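Some notes on the structure that comes next.
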Amino acid sequence: MKARIGKWIESTTGGETVRAYVPHPLPPEPPVDLVAFSSLIEQANLALGRLDGVTSILPSPALFIFMYVRKEALLSSQIEGTQSSLSDLLLFEADEIPLVPLDDVQEVSNYIAAMEYGLRRLRDGFPLSLRLIREIHDVLLRKGRGASTQPGEFRRSQNWIGGVRPSRAMFVPPPPEHLMQCLGDFERFLHEAQGLPTIVKTAFAHVQFETIHPFLDGNGRLGRLLITFLLCAENVLREPTLYLSLYFKTHRPHYYDLLQRVRSHGEWEQWLAFFLQGVIETANQAVQTAHEILELFEEDTKRVQTLGRASSSAAVVHQFLQNHALTTSGKAASELALSEPTVNSALRHLETIGIVKEITGKQRRRVYAYNAYLAILRRGTER
């Protein structure tokens, strides 16, 4: 498979001379025999179809997407080393102080903003292009630690992956003088890859983007975002409901090894099999999660109805908790335009029947958690 392997070029960075890699344009040549993958491709597309349809059975599709985007943002950021938990993120969004450095939570919040921005641009008819990728990157790194690493600008210097210095790196991406040629070829592939199933095109594009590594920071997070953007841009998914970060996190050493084997040995087949299996597993897990959330909300709604006269305000607060699984009475009162005493009373009733639990033990600025809901969402996000 030597024809599939890119060029190795000497590049100087940090006073050291290293071997940098310039990939061949996509698609791979010789081409991957997709007939051999027909069963996996069919299974992946069926799983995506079930996932795309599951939102229609939910009383609030936007709610499922709202929380699922946050879980993906957390997992993708954890792969890059942030220490936030789901509770930290929700506390941050509720204007409470999380238990980890604010920069960690800001990175997760940036990811959510970048996802929402990119999808909004795609829905407005803007093509998935280098320009849009730069815009998304700007949102991703505008606040927090990444603000000093040229948000929204392709790099003008050599970077590397792994190792404290270039000569000890696991991998050195294309030198800056080759970067725009690589990116131009990448954009052409996004627009002109006719005949390839979208799921295969997405698998190839993810590896190529990670190999080019066009920014000084944020490449991993943006590369994972591109998976969802491509599937939505080509109408495989109507909503952003597929996220592979948990699959990549669970199989992290194997994931990195497969990326490297594509570069060093042209092993696109092994990567494609891994990616398709990840789509199948992840889509099926998301469908199961949606059903579990639906069942939980239905069961808890019935419990709220047993509260008698208190059930009316408790039901309103319970619905609010479905969007804000961690909240304070002040936040809920403000959002719902209810008095704080009314919300406090509702939260006490919900606590009595075991739906929420106060988690601070304080008398002021008390924080309430919808624990059963959080337990479903937290799976795989534990630090």
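Here are the numbers:
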{"quantity": "Residue list for region 185-197, filter: surrounded by fewer than 15 Cβ atoms within 10 Å (Cβ to Cβ) and either under 13 Å from VAL22 (Cα atoms) or of a type in the set (D, E, K, R) (or both)", "calculated": "ARG188, GLU192"}
{"quantity": "Number of the condition not met by ARG142 [criteria: (1) surrounded by 17 or more Cβ atoms within 10 Å (Cβ to Cβ); (2) in contact with a helix residue (DSSP H, G or I) (Cβ under 9 Å, 6 or more places away or on another chain)]", "calculated": "(1)"}
{"quantity": "Test for LEU128: is it surrounded by 20 or more Cβ atoms within 10 Å (Cβ to Cβ), assigned to a loop (DSSP other than H, G, I, E, B) and at pLDDT 85 or above", "calculated": "yes"}
{"quantity": "Residue in region 233-241 that is surrounded by 19 or more Cβ atoms within 10 Å (Cβ to Cβ) and assigned to a helix (DSSP H, G or I) present", "calculated": "yes"}
{"quantity": "Any pair with Cβ under 7 angstrom, 6 or more apart, that starts in region 271-297 at a residue that is closer than 12 Å to ARG50 by Cβ and ends at one that is of a type in the set (A, V, I, L, M) and surrounded by fewer than 16 Cβ atoms within 10 Å (Cβ to Cβ)", "calculated": "none"}
{"quantity": "Answer from PHE320, PHE229 - the residue that is within 13 Å of the chain's Cα centre (by Cα) and in a helix (DSSP H, G or I)", "calculated": "PHE229"}
{"quantity": "Some residue of region 248-266 being in contact with a Leu (Cβ under 6 Å, 6 or more places away or on another chain), crowded, with 18+ Cβ neighbours inside 10 Å and either in contact (Cβ under 8 Å) with a residue 60 or more places away in the chain or in the same structural domain as GLU153 (by TED's automatic domain parsing) (or both)", "calculated": "no"}
{"quantity": "Which numbered condition ASN284 misses (of (1) farther than 29 Å from PHE171 by Cα; (2) touching a strand residue (DSSP E or B) at 6+ places or on another chain (Cβ under 9 Å))", "calculated": "(2)"}
{"quantity": "Residues of region 307-363 classified as surrounded by 13 or more Cβ atoms within 10 Å (Cβ to Cβ), under 17 Å from LEU374 (Cα atoms) and small (Gly, Ala, Ser), total", "calculated": "1"}
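Yes or no, residue by residue, for (1) modelled with pLDDT of 95 or more; (2) touching a Leu at 6+ places or on another chain (Cβ under 9 Å); (3) closer than 26 Å to PHE274 by Cβ:
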site	(1), (2), (3)
THR17	no, no, no
HIS24	yes, no, yes
GLY49	no, no, yes
SER56	no, no, no
PRO61	no, no, no
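The values are calculated or read from the model by the stated rules, or taken from the named source; none is laboratory data. Bear in mind the structure is a predicted one, so any value in this text is a computation, not a measurement. Ideal geometry is used to build each Cβ from the backbone, glycine not excepted, and the neighbour counts take in all protein chains shown.
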